[in-house]
Amino acid sequence: MRALWGDRRGAISILTALVAMAMIGFAAMGIDVGMLTLSQRRLQGVADQAALAAASSAPERRGEAVRQIVAAAGLANVTSTITPGSYRADASIAPASRFASGADAGALRIVLRQDVPLFFGRVLTGRNSSAVAASAVSRRIDLAAFSLGTRLLAVQGGLPGAVLNGLAGSDLSLSLMDYQALVGGRVDLLRMTQSLGTRIGLTGASFDTILATDVTLPTLLTAMADATGNAGVATLLRNLSLRVPGSRVPLTRLIALGPLGGLTQAPSRAPIVIDAYSMLRESLSIANGQRQVALDLGASVPGLLSTKVLLAIGERPANSPWLAVAQDGGTVVRTAQQRLLIDTQIGVPLLANIQLPIFVETAAAQARLSGISCSGTARTVTIDALPSPGTVAIAQIDRTRFNDMSRSPITGGVALLQVTLVKVMAYARIDLASDGAWQRLTFNAADIDNGTPRTVTSNSALQGIAGSLINKVSLTLEPLSLGLNWVLGAVGAALTPVAPALDGLINSLLDLLGLHVGQADVTMNGVRCGGATLVA
């Protein structure tokens, strides 16, 4: 043993074997681990591209989209897993927990795995390859633009001129054909905003920045003319810009572009389209500093000796636009509260004229995006809407409180007719309450392309406001006189025939103002499908 211990022969072989193993280990660390790291980084880039491609594809083509991306990268021995689900962009949630697998809600997780050959590492591990993996989460950005308020489909008579002239505070001198052209005129909202930026010296600014800068009505109408493809409508809008007052329009109270607000140029695909009349109506409404309009329609309503209309427009609820671009239900659109007082005179044979006031008040209707479904060229959007409650009445109205939307101007019964020593008093009131139940509206591709409005109606909505009030009205004599009961019968008989004409007038006014009592009218102004972004 002592001789063996002192024998130095063969020591170099042992040292060589030990050093060789160490050198192989260092080589594996330097070459194989480096190769694995490089392969994983390359695979991550491919996974990112595959996630974007899959999110932009129809569900049945996602697998093929991923395979094409992998093949284009020249990778071999790659397997893929596609997991649909949802993604919550909530800063209070840990990034790793924001994606939840499940039903397809516009988000995907792509996992790619690849076997990478080992060179020196196979000596240590006994394996010829080692697997690397990369994952990416993408979210499809589907956007919908929608507005809340009745969209006119046709214009008749001179009432539109009276309403818009009253809102503008000046005579716009528009003919019936002009109004029909405005109703049918289509304006690209994003192109209009871009044109506004150019005209006010904010070239290259974001759309949100441009909208935050109050513009004048003439400038807005000129920008609308720039953004319509109809030469006749463009000429009409430019002529109209010379007649409207120079009032400023706070556009952020009308339009919320949401995810598109950061753009500086209007994209060529999927425009957001608004009709020229609705845009003009809403702009005049918020530019009117008095927020009150008085119209004298004279004897233009059949069966009525005279008709006067008083309109008051309340402030739109804070952070609630007329038109919104959204990708989820976080944005709620609400209408402004409005009041109408229609004061009419009705002739009664052998008696004095009846003074009949009809009061109509609409509260805020609401709408929010429920979902967007994009499959190939098929597009479907669902909107949840809450109809507008309101109040209609035949009653005495305190005009000093007419603009105060915080309290009712109804003070009690009203004298319809007054003859010698006697008055006919009347009172009727119908409150249309909201049950708080949101109703779902579905828009298909044709509805979206044609701008077809959809309507939800509350259970308490009236078929005819004037007819319902007249049927319910309570008539009394002051002072009570049994010998003059025939006067009550004469007044009641005079009210019934004019109910259809009054209902037609009320409906026309509400159409022109974009509101209905007990209803919510939603228009889909545009949808953009398929834009995708990486979120993890």
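The values are calculated or read from the model by the stated rules, or taken from the named source; none is laboratory data. Computed from a predicted structure; not experimentally measured. Using ideal geometry, Cβ is built from the backbone for each residue, glycine included, and neighbour counts are taken over all protein chains shown. When the accessible area is computed, the model is the full protein with side chains, heavy atoms only, and any ligands, DNA or RNA have been set aside. Shrake-Rupley method; radii C 1.70, N 1.55, O 1.52, S 1.80 Å.
Listing for the model above:
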read-out: Subset of segment 502-529 (residues that are open to solvent by 20 Å² or more (accessible area, probe 1.4 Å) and farther than 30 Å from Gly464 by Cα); value: Arg528, Cys529
read-out: Test result for Ala461, crowded, with 17+ Cβ neighbours inside 10 Å and within 25 Å of Gly149 (Cβ to Cβ); value: yes
read-out: Segment 381-390 - residue that is in a strand (DSSP E or B) and touching a residue at least 60 places away in the same chain (Cβ under 8 Å) and, of those, surrounded by the most Cβ atoms within 10 Å (Cβ to Cβ); value: Gly390
read-out: Residue in segment 342-362 that is in a strand (DSSP E or B), in contact with a Cys (Cβ under 6 Å, 6 or more places away or on another chain) and at pLDDT below 90 present; value: no
read-out: Segment 402-450, subset open to solvent by less than 10 Å² (accessible area, probe 1.4 Å) and assigned to a loop (DSSP other than H, G, I, E, B), residue modelled with the lowest pLDDT; value: Phe402
read-out: Residue check for Arg339: open to solvent by less than 10 Å² (accessible area, probe 1.4 Å) and basic (Lys, Arg); value: yes
read-out: Only one of Thr219, Thr235, Thr228 that is free of Cβ contacts under 8 Å to residues at least 24 places away in the same chain and in contact with a Lys or Arg (Cβ under 9 Å, 6 or more places away or on another chain); value: Thr219
read-out: Of all residues making up segment 98-130, the number that are open to solvent by less than 40 Å² (accessible area, probe 1.4 Å) and at pLDDT 85 or above; value: 4
read-out: Subset of segment 363-380 [open to solvent by less than 40 Å² (accessible area, probe 1.4 Å) and not in a strand (DSSP E or B)]; value: Ala363, Ala364, Ala365
read-out: Criterion (outside any helix (DSSP H, G or I), closer than 30 Å to Ala47 by Cβ and open to solvent by 10 Å² or more (accessible area, probe 1.4 Å)) met by exactly one of Ala154, Ala133; value: Ala133
read-out: Matching helices (runs of 4 or more DSSP H) fully within segment 199-293 where at least 3 residues are surrounded by fewer than 21 Cβ atoms within 10 Å (Cβ to Cβ); value: 217-226, 231-241
read-out: Residue pairs meeting the criteria (Cβ under 7 Å; at least 6 apart or on separate chains; first within 16 Å of Ser300 (Cβ to Cβ), in segment 333-347; second of a type in the set (S, T, N, Q) and open to solvent by less than 10 Å² (accessible area, probe 1.4 Å)); value: Ile342/Thr307; Thr344/Thr307
read-out: So Ile313, is it modelled with pLDDT of 80 or more and more than 22 Å from Ile274 (Cβ to Cβ); value: no
read-out: Only listed residue being part of a helix (DSSP H, G or I), modelled with pLDDT under 80 and under 28 Å from Ile448 (Cβ atoms), chosen from Glu64, Glu60; value: Glu60
